[in-house]
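Data block below; observations after.
Each reported figure results from applying straightforward, stated rules to the coordinates on display, with no laboratory input. In this text the structure is predicted, and so the values were computed from the model without any measurement. Note that each Cβ is placed from the backbone with ideal geometry, even for glycine, and that neighbours are counted across all protein chains shown.
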Amino acid sequence: MTRRVRCAVIGSGFAGSTYAEAVRYAEDAELVAIAGGHQAPELAVRHGVSAVDDVDAVLDSAEIEAVPAAELVASTASFQDSVIPGSMPPPGSGVVRFDGVLTGC
């Protein structure tokens, strides 16, 4: 059995919902939490995972290994410290990367 990467999604609107679905269908990923946004509790229930209010707690969690961010929370120190320079796709490119975007999560 292949080890699955434990993922959380930041954001609970349209993009967050889309990312949550993508993670759930990825063979090598496991959705474990939805963080941020007023729809997080509802989205989390729909996917059978935890809803988390504190985005920084998700970014600092040793339990979370990847965070496809629907809403980039650039004001949080944890996020700024975790982004690998040059690893983010260009804005509006439609490219979603789960690998190599965040470290230390």
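Values as computed for the structure displayed
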| item | result |
| --- | --- |
| Other-chain or far-sequence residues with amide H under 5 Å of V5's (modelled H) | A29, E30 |
| Karplus 3J(HN,Hα) series, Hz, for segment 49-66 with 6.51 cos²θ - 1.76 cosθ + 1.60 (x for Gly, Pro) | 10, 7, 9, 10, 7, 8, 4, 4, 4, 5, 5, 8, 5, 6, 7, 9, 9, 8 |
| Integer Hz, Karplus 6.51/-1.76/1.60 couplings in order for segment 18-32, x for Gly and Pro | 5, 5, 4, 4, 4, 5, 4, 8, 7, 4, 9, 10, 10, 7, 10 |
| Segments 8-19, 34-45, 55-66 sorted - mean Cβ within 10 Å per residue, highest first | 8-19, 34-45, 55-66 |
| Paramagnetic reach from D53 in segment 1-45 [backbone N under 19 Å; point 7 Å along Cα→Cβ] | 9-13, 33-45 |
| Pairwise label distance in nanometres, F14 with H38, each label 7 Å out on the Cα-Cβ vector | 1.8 nm |
